[in-house]
Amino acid sequence: MKKSSTRKRRYASAIRAEGAEATRAAILRAARSLFARRGIDKVTIAQIGERAGVAASTVYTLYKSKEGILRELMRASLFGSRYRSAQALLEGVTDPVRLIELTGPVARAIYESESADLGLLRGSSSFSPALRKLEREFETIRYEMQEARLRLLFAQSRNKKGLELEEARRILWMFTSRDIYRMLVHEGGWSPDRYEKWLSRTLLDALVA
């Protein structure tokens, strides 16, 4: 009898978890659509809840604020499945030069995914204070994530002669920025494949002895 009760509780718990995940997904879909159409600053939590088919209080419970929703949309876009696949290329790689070279496909994955998922949203909300605040937050995360591969490069004395670590960090951060991807791919007509190869070569030339 006890085993049966335990199984029932686990089953009920799994059902609730699935329901909560579905609700989260519905809220994110609704928010993405409304943000893209109306702009982030003009959309309310109540409108998001109505579009998602849930109460506004549910939206607040799950995401705390409109900024919380936007942060999750950006996190899922920047570090979603494409990013994880690109990051898998780095696993087990101990050669710092190879790690620098593989930065190309990682950056491509981030910006391809972002363009597909957040392109319309950025277009309608380019001057939104909330968006600009979160962009700065994610830029800081990106800058910090790049540090380890450069420290390894310097630890093995394979960095370009005369280049200091902090200078190298800024160079890597600059070349892998969204603005360069935008200028080359969206405005310059480059293919993502060409961008990836150019970025890998450029980083090797700029950072490696």
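Listing for the model above:
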quantity	calculated
Evaluated over the chain, the Cα radius of gyration and Dmax, each in Å	21.2, 73
Chymotrypsin sites (Phe, Trp or Tyr not before Pro) lying in DSSP loop within segment 62-127, provided at most 11 other Cβ fall within 10 Å	127
Cβ-based charge dipole, segment 107-209, positive-most Cα from 177, 206, 115	206
Calculated SAXS-style log₁₀ I(q)/I(0) at q = 0.17, 0.18, 0.29 Å⁻¹ - segment 138-193, Debye, Cα scatterers	-0.64, -0.69, -1.07
Total charge dipole magnitude, the chain, about the Cα centre, Cβ charges on Lys, Arg, Asp, Glu only, Debye to nearest 20	1120
Cβ-based exposure ranking for 94, 61, 176, in which fewest neighbours within 10 Å come first	94, 61, 176
The chain: angle of helix 129-145 to the longest principal axis, Cα-based, in degrees nearest 10	50
3J(HN,Hα) from dihedral phi, segment 52-58, Karplus parametrisation 6.51/-1.76/1.60, rounded to Hz, x for glycine, proline	7, x, 9, 6, 4, 4, 5
Distant-in-sequence amide H partners of residue 159 (H built 1.01 Å from N, under 5 Å)	209
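Each reported figure results from applying straightforward, stated rules to the coordinates on display, with no laboratory input. Please read all numbers here as calculations on a predicted model, not as lab measurements. Please note: Cβ atoms are built from the backbone with ideal geometry, for glycine as well, and neighbour counts cover all protein chains shown.
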